[in-house]
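Asks: This is the structure I want to talk about, given as structure tokens.
Bear in mind that the values in this text are calculations on the coordinates, not laboratory data. Here the structure is a predicted model, which means the values were calculated and not measured. When we count neighbours, we look across all protein chains shown, and the Cβ atoms used for this are built from the backbone with ideal geometry, even at glycine.
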2 protein chains.
Amino acid sequence: MQQRSEETRARILGAALKKFSSSGYDAASVDDICAEAGVSKGAFYHHFPSKQAVFLALFENWLTMVDAGLETARKPTVPETLTNMARMLPFIFAQADGRLPMFLEFWLQASRDKAVWKVINAPYKRYLNYFAALVKQGIAEGSFHRMDPGSAAQVIVSFAVGMLLQGLIAPQDTDWQKAAEQSMKILMKGLAK
Amino acid sequence: MQQRSEETRARILGAALKKFSSSGYDAASVDDICAEAGVSKGAFYHHFPSKQAVFLALFENWLTMVDAGLETARKPTVPETLTNMARMLPFIFAQADGRLPMFLEFWLQASRDKAVWKVINAPYKRYLNYFAALVKQGIAEGSFHRMDPGSAAQVIVSFAVGMLLQGLIAPQDTDWQKAAEQSMKILMKGLAK
């Protein structure tokens, strides 16, 4: 029974991802998601209290993957770590498959809706702190010059988010892995001692 | 007559900006815009063939303001110019008033709709070329080290777009002018000879 329940949950998540990506978050209804997943509305509400809850579950899943990716990218020194992360950027985006447009939409709603905003703001702050700590470590190990780690973290996050947004509208035009590596090279020189 | 027609056009644009910002592009109908502007549907379609055409007019207006801002920021050397542009970034965003969430939405649609994509992609490419030319000039004047100007332009655009996106969800949290200046300082060091 437990296993079947997990399967249903996974089917709902997969269907929601598909629907949110193709029609957009607002346009995709719970009915659409149920039809796509082949589950009843009762089953849906057994697993998730609302459409937003499904969205958040997808968002959390993706954050977990991003976090795992970031940890895997760790190297002995901070410049090596950041360069390695830049190299992984396109793969992290690829893992997001249909989620990126959806997250943009959520970001958009966050600018209008306080409840959504809180959900986005927490991981955003967490990533800022994560990169500030990395920069601090880079200063301590003698790789980076002395600077405000918060400002440096903001540049790194801006860079990642900006790459993501550009990748979204020009996925074929550019070799994003090469672009990310070359950009990180410029950034590394900017942070270096 | 001509003057009254111009007034009507401006009223439609103002009403559309208001509606798109508060309800979102999809949810705001031509009827809503007409009601807000106090004009008939006939008057609307006399000025604009479609809702999308109004959106594009708002987009073009904003690009014109951004271009004017960028030209005003010009200084004798390229590092001074870029630093000055970073300083202006928060004002450029402020000029966008309610337009930013709307543009994000458009960006989102561009990832799904080829026609919208073309409209976004052209100015995006234009800005990439604009900054690549600036970097080339910086190399020629001896301010920057030799590098691929296209990659450097991508970092600059990523940085600006990333700042914009962060400013959208955390407008009060951060002194964005200071953040932009400090970030540009790191970037300038990365580009320097």
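Asks: Could the peptides B:73-79, A:186-192 be put in order, highest first, of the mean number of other beta-carbon atoms found within 10 Å of their residues?
Replies: Ranking, from highest mean packing down: A:186-192, B:73-79.
Asks: May I pose another question? Over 26 Å between C-alpha atoms is what I'm after, so list which of A:LYS178/B:LYS193; B:LYS136/B:LYS189; A:LYS51/B:LYS118 land there.
Replies: Those over the limit are A:LYS51/B:LYS118.
Asks: With θ taken as phi - 60° and the coefficients 6.51, -1.76 and 1.60, list the Karplus ³J(HN,Hα) couplings across the range B:138-151 in order, rounded to whole Hz; mark glycine and proline as x.
Replies: Values, residue by residue: x, 5, 4, 7, x, 7, 10, 6, 5, 7, 6, x, x, 5 Hz.
Asks: So, one more: Which listed residue (B:LEU63, B:HIS145, B:GLN177) has the Cα farthest towards the positive end of the charge dipole for chain B, taking +1 on Lys and Arg C-beta and -1 on Asp and Glu C-beta about the Cα centre?
Replies: Going by the Cα projections, it comes out as B:HIS145.
Asks: Can you give the mean number of other chain Cβ atoms that lie within 10 Å of the Cβ atoms in peptide A:140-149?
Replies: For this peptide, the per-residue mean of nearby foreign Cβ atoms is 1.
Asks: Another question, then. Spelling out what I want: for every residue of the range B:43-55, take phi, set θ = phi - 60°, compute 6.51 cos²θ - 1.76 cosθ + 1.60 (Karplus), and round to whole Hz; glycine and proline get x.
Replies: Coupling constants for the range B:43-55: 5, 4, 6, 5, 8, 9, x, 6, 4, 4, 5, 5, 4 Hz.
Asks: Something else: B:SER5 label points, 7 Å along Cα→Cβ, one per copy: pairwise distances from this copy to the rest in nm, shortest first?
Replies: Sorted ascending, the copy-to-copy spacings read 6.9 nm.
Asks: If we count every other residue with Cβ under 13 angstrom of B:LYS136's Cβ, Lys/Arg +1 and Asp/Glu -1, where does the sum land?
Replies: Charge balance near B:LYS136 sits at -1.
Asks: Highest GNM mean-square fluctuation, chain A, Cα pairs closer than 10 Å: which of A:GLU141, A:GLU105, A:GLU36?
Replies: A:GLU141
Asks: Got a sec? Charge dipole of the range B:1-48, +1 on Cβ for Lys and Arg, -1 for Asp and Glu; which of B:ALA35, B:ALA10, B:SER23 is way out at the positive end?
Replies: Result: B:ALA10.
Asks: Taking the number of other C-beta atoms within 10 Å as the exposure measure, put A:TYR127, A:TYR25, A:TYR45 in order starting with the fewest.
Replies: The most exposed by this proxy come first: A:TYR45, A:TYR127, A:TYR25.
Asks: From the phi angles alone, apply the Karplus equation (6.51, -1.76, 1.60; θ = phi - 60°) to the range B:176-193 and give each ³J(HN,Hα) in whole Hz, x where the residue is Gly or Pro.
Replies: For the range B:176-193, the Karplus curve yields 5, 5, 5, 4, 5, 5, 5, 5, 5, 4, 4, 5, 4, 5, x, 8, 4, 5 Hz.
Asks: On average, how many beta carbons from a partner chain sit within 10 Å of the beta carbon of a residue in B:100-113?
Replies: 4
Asks: Could you sort B:159-166, B:83-90 so that the peptide with the highest average Cβ count within 10 Å comes first and the rest follow in order?
Replies: B:159-166, B:83-90
Asks: Run the simple label-point estimate for A:ALA68 and A:ASN121 please: 7 Å along Cα→C-beta, distance reported in nm.
Replies: 3.0 nm
Asks: So, one more: At 222 nm, what helix-only mean residue ellipticity would chain B give, in deg cm²/dmol to the nearest 500, using -39500 (n - 2.57) for each DSSP H run of four or more?
Replies: -26500 deg cm²/dmol
Asks: Which distance in nm do the two modelled labels at A:ALA10 and A:ASP113 give, with both placed 7 Å along the Cα-to-Cβ direction?
Replies: The modelled label-to-label distance comes out at 2.9 nm.
Asks: Quick one: which residues, 5+ away or cross-chain, put their amide H under 5 Å from the amide H of B:PHE144? H built at 1.01 Å from N.
Replies: Under 5 Å from the amide H of B:PHE144 lie the amide H atoms of B:ILE139, B:LYS193, each far enough along the sequence or on another chain.
Asks: Let me ask another. What size of dipole, in debye to the nearest 20, comes out for the range B:1-111 about its Cα centre when the only charges are +1 on Lys and Arg C-beta atoms and -1 on Asp and Glu C-beta atoms?
Replies: About 140 debye.
Asks: If packing is taken as the mean number of other Cβ atoms within 10 Å per residue, what is the order of B:145-157, B:112-124, highest first?
Replies: Answer by packing, highest mean first, reads B:145-157, B:112-124.
Asks: Along the positive direction of the dipole of the protein assembly as shown (beta-carbon charges: Lys, Arg +1; Asp, Glu -1; about the Cα centre), which of B:THR72, B:ASN84, A:GLY190 reaches farthest?
Replies: Going by the charge dipole, the pick is A:GLY190.
Asks: Can you tell me how the protein assembly as shown classifies by the Cα gyration tensor, rounded, prolate or oblate, using a/c under 1.5 as the rounded cut?
Replies: Verdict is oblate for the protein assembly as shown.
Asks: Size of the dipole of the range A:50-191 about the Cα centre, Lys and Arg at +1 and Asp and Glu at -1 on the beta carbon, nothing else charged, in debye to 20?
Replies: Result for the range A:50-191 is approximately 340 debye, rounded to the nearest 20.
Asks: In debye, nearest 20, what is the charge dipole magnitude of the range B:1-48 about its Cα centre with +1 on Lys and Arg Cβ and -1 on Asp and Glu Cβ, if you could check?
Replies: 120 debye
Asks: For the pair B:GLU80/B:SER22, report the inter-label distance in nm, with labels modelled 7 Å from Cα in the Cβ direction.
Replies: 4.6 nm
Asks: Between B:GLN177 and B:GLN137, 0.36 nm times their residue separation minus their Cα-Cα distance comes to what?
Replies: 11.8 nm
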